[in-house]
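The values are calculated or read from the model by the stated rules, or taken from the named source; none is laboratory data. Worth saying up front: this structure is predicted, and the values here are computed from it rather than measured. Here the Cβ is made from the backbone with ideal geometry for all residues, glycine too, and neighbour counts use every protein chain on show.
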Amino acid sequence: MKPVIAIVGRANVGKSTLFNRLVGGRIAIVEDLPGTTRDRIFADVEWSGRKVTLVDTGGLEPDPGSSLTQKVKGQVEAAIAGADVIIFLTDVREGVLSADYEIADLLRGCGKPVVLVANKADNARLDSQAAEFYRLGLGEPLIVSGQHGRGISLLREAVLGHLPAESEEVSLELDLPKLAIVGRPNVGKSMLLNAIVGEERAIVDEAPGTTRDALDTVYHYQGQKVLLIDTAGIRRRGRVEEGIEYYSLLRALNAINRCDVALLVTDATEFLTAQDLHIAGYVKEACKGMVLVVNKWDLVSGGIEDYADCFSERLKFMSHVPVLYVSAKTGHNVEKVVPEALQVWRERQKRLPDKVVDKLIKDAVLAQSPPRKGLKRLRILRAYQSDVNPPSFTIIVNDPELMHFSYQRYLENRLRQTFGFRGTALRFSFKKTTDKRPERTGV
């Protein structure tokens, strides 16, 4: 396993800014508000040829005053327990506060190497103020500016100096199945993630909008490694506020783009809302696979038939999607979620021989004539599968503009009836033939 480096400190000392600087990109949300990062955020990076996992954490409050801050503290303590090296971040502008002393006491007792860092030293005039951090009893503070990049190379060297001896490391496969848990706020996405992996990997709270970043968890299922991506709730566009919530929405939509299969979590007590359908539309537009996960099934008394009729009526555009009725709270049917998603993922890897695709499409044309525009009719000359994940089909025609969406849907249905592709979107590309023969009209 790659060594783990955790960044800890009280709220608003610049942990996420430093995390992004060390990673080399905007992964953690950065906002000038305390408590922005709540869960553990992971990123794999390579420093001087050494691969490590960097972990961002929420602001640590030694004596949390609410249930949510208590859960944040639990997440930070979990990060500390799992880390090989800890970066203790402080704010050189504010100096040593009482919370810094309490965190220092906690870290001294953890038995892990700690690199003390005085952040926000944006210019050399602030360097002298770092001397007071010796009082924390954790050695010489490194002076850095996460925002401006001062001292970052020295910080990397200091951390690498504390790492255990390098062993043979297994890199994360790039082709492992990626499953994104998406949905509206407060439908139980994080609780579902925790129920699947069997631990409180993501913070679960009754307040909507608890998860703000997209969280990655590698899960081992029957010898198969799976990447689970938890996301923030996707609100209607008109309800998305600027700042943190806007960036959370971008992370959630990016998670859909990254994944192979989206687990769209809905609330059984609300049937399918308009926003659920909007999110399903995002998944379809991105050409991803999807499993509809109806959560909170323990709270309803009706039968599956009522829900099935609703889904078939409102999700006509994604009738190929499997539906699971689960309760993340009680564990009902949770064990079926990953197997169902992996089956959809396997459908996305399916590749058909060119001759088989060509024959099916031409048989479909014989069964139902292509559309025409005026005297000109669509002619399909050849068809083949051009890619997988998503299954992609190229169809050579006389004029792509003659292809009507209803006829494309007809061809897609014929492919599904014969070859399945359950749960996954199909991608079509219509290309104009290079045949220069004059086009016949009236046929």
Identify the single condition in (1) assigned to a loop (DSSP other than H, G, I, E, B); (2) modelled with pLDDT of 70 or more that ILE234 does not satisfy, given that it satisfies every other one. (2)
First in the range 333-344 and over 11 Å from LEU179 (Cβ atoms), second anywhere and surrounded by fewer than 22 Cβ atoms within 10 Å (Cβ to Cβ), Cβ under 6 Å, 6 or more apart: ASN333/LEU324; LYS336/LEU324
Please work out if VAL170 is part of a loop (DSSP other than H, G, I, E, B), at pLDDT below 80, not assigned by TED's automatic domain parsing to the domain that holds LEU324 and not polar (S, T, N, Q). yes
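Does any residue of the range 354-363 turn out to be under 20 Å from PHE405 (Cα atoms) and exposed (fewer than 12 other Cβ atoms within 10 Å of the Cβ)? Steps first, please.
Here is the first cut: in the range 354-363, the ones under 20 Å from PHE405 (Cα atoms) are 357-358, 360-363.
With exposed (fewer than 12 other Cβ atoms within 10 Å of the Cβ) added as a condition, the list becomes 363.
Yes, some residue in the range 354-363 is under 20 Å from PHE405 (Cα atoms) and exposed (fewer than 12 other Cβ atoms within 10 Å of the Cβ).
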Checked against (1) under 23 Å from VAL388 (Cα atoms); (2) modelled with pLDDT under 85, ALA262 satisfies every condition except (2)
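If I ask for residues that are among the hydroxyl-bearing types (Ser, Thr, Tyr) and buried (at least 21 other Cβ atoms within 10 Å of the Cβ), which ones from the range 115-146 would you list? Spell out how you get there, then give the answer.
Start the filter on the range 115-146 by keeping residues that are among the hydroxyl-bearing types (Ser, Thr, Tyr), which leaves 128, 134, 145.
Listed by number, the list holds a single entry, SER145.
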Taking the range 98-149 as the region of interest, how many residues are of a type in the set (Lys, Arg) and either part of a loop (DSSP other than H, G, I, E, B) or closer than 17 Å to VAL23 by Cβ (or both)? 2
What do you reckon, is ALA165 under 14 Å from VAL13 (Cα atoms) and assigned to a loop (DSSP other than H, G, I, E, B)? no
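Looking at VAL365, VAL338, which is the one that is aliphatic (A, V, I, L, M), within 23 Å of the chain's Cα centre (by Cα) and in a helix (DSSP H, G or I)?
Numbers: VAL365 fails: within 23 Å of the chain's Cα centre (by Cα).
When all the criteria are applied, what remains is VAL338.
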From the set of residues in the range 180-209 that are basic (Lys, Arg) and either modelled with pLDDT of 70 or more or assigned by TED's automatic domain parsing to the domain that holds GLY58 (or both), which is nearest to THR273 (Cα to Cα)? ARG184
Any hit, the range 368-383, residues being under 30 Å from ALA262 (Cβ atoms), in contact with a strand residue (DSSP E or B) (Cβ under 7 Å, 6 or more places away or on another chain) and β-branched (Val, Ile, Thr): no
